[in-house]
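The values are calculated or read from the model by the stated rules, or taken from the named source; none is laboratory data. Because the structure is predicted, anything quoted here is derived from the model rather than measured. Reconstructed Cβ throughout: ideal geometry from the backbone, glycine too, with neighbour counts over all protein chains shown.
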Amino acid sequence: MAFDPATIRDFEHRGWQRAAAQYRATFAPASAGFVAALLDAAGIGAGTRVLDLACGPGIAAAAAAARGAVVRGADFSPAMLELARAALPDAGFDEAEAETLPYADASFDAVVCNFGAHHFPYPESALAEVRRVLRPGGRVALTAWVAPAENAAWRLLFDAVAAHGDPHAAAAPPSGGGLTSAAAVRRLLEGAGFAAVAVSREVREWRVAGAAALVEALRRGTVRTAAVIEAQRPAVLPAIVAAIERAAAPFRRGGELVLPTAALLGHAVK
């Protein structure tokens with residue numbers, strides 16, 4: 001499928017509108033573990049004016065507010081924003097596209113984006129906007145997942161789908177991000193004009209009850225991976241779950257799976 005920003009945006013928007021209601025209970029535990037490092041990289045503390053870009057249900061925004069920061073959030077999903085406003089009524093949340101932010105130049109001391117940039121149709125344009133709304137000397141920090149082959153949860157799923165289903169059945173539009181390597185994250189930040197760029201690989205643990213719970217978390221709390229699962233024939237799903245359960249044996253501790261989950265943390269200065 002050819003690269004088409006409008007198609008990507010609509011695909012992502014529909015997906016996140018659908019996933020919003022169950023995100024906290026399904027996939028949020030996989031991403032929330034990186035928030036503290038994200039905020040540290042952006043220098044978030046008391047009084048920091050911070051924008052949580054692609055804020056989703058406001059998990060990073062809430063953590064920044066707990067540090068005493070002055071928080072604003074932006075997301076293109078009304079369903080996600082409804083959750084964020086309910087969770088953090090004293091902060092401001094705006095429906096906005098990342099490529100056209102509704103803020104004046106130099107409005108923020110810091111901008112953070114927890115696993116949002118790789119969903120943007122034009123991450124380069126979004127990072128240019130981030131730089132515009134940052135004050136001189138302000139900091140940006142973002143996280144992005146490493147390649148699925150290097151991440152246990154996705155590797156388990158995609159290996160099982162390849163063996164028992166059809167990994168190409170979803171026919172999803174190509175990602176606009178492609179931020180699965182440190183070099184790609186560095187290019188994005190440097191290309192937007194940021195200085196003092198640094199990228200690190202961070203690993204956290206994602207705990208799920210078992211293979212079926214993992215599949216449901218990815219099915220209900222993500223967009224692109226959910227599309228792959230939803231596209232499989234119902235008849236093959238039990239075999240996919242069984243294959244994951246067998247392959248996940250090295251990650252079982254007691255009654256749950258403890259999956260090492262890796263991400264890239266990029267940060268820089270305007």
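For the reader, a short list of remarks on this structure follows.
- Long-range neighbours under 9 Å by Cβ, at least six apart or interchain, first residue in a loop (DSSP other than H, G, I, E, B) within the stretch 54-75, second β-branched (Val, Ile, Thr) and surrounded by fewer than 24 Cβ atoms within 10 Å (Cβ to Cβ): 67/48; 68/48; 69/48
- Of the residues making up the stretch 29-53, those that are more than 23 Å from residue 199 (Cβ to Cβ) and not in a helix (DSSP H, G or I) are 46, 47, 49.
- Residues of the stretch 76-94 that turn out to be more than 20 Å from residue 119 (Cβ to Cβ) and not in a strand (DSSP E or B), as a count: 7
- Unique match (being closer than 25 Å to residue 225 by Cβ and among the aromatic types (Phe, Trp, Tyr)) among 115, 93, 108: 115
- Helices (runs of 4 or more DSSP H) (entirely within the stretch 185-270) containing at least 2 residues that are surrounded by fewer than 20 Cβ atoms within 10 Å (Cβ to Cβ), in contact (Cβ under 8 Å) with a residue 12 or more places away in the chain and touching a Phe, Trp or Tyr at 6+ places or on another chain (Cβ under 9 Å): 224-230
- Breaking point among (1) touching a helix residue (DSSP H, G or I) at 6+ places or on another chain (Cβ under 6 Å); (2) not in a helix (DSSP H, G or I), for residue 158: (2)
- In the stretch 125-155, the residues that are closer than 23 Å to residue 189 by Cα, part of a helix (DSSP H, G or I), modelled with pLDDT of 95 or more and touching a helix residue (DSSP H, G or I) at 6+ places or on another chain (Cβ under 7 Å): 126, 127
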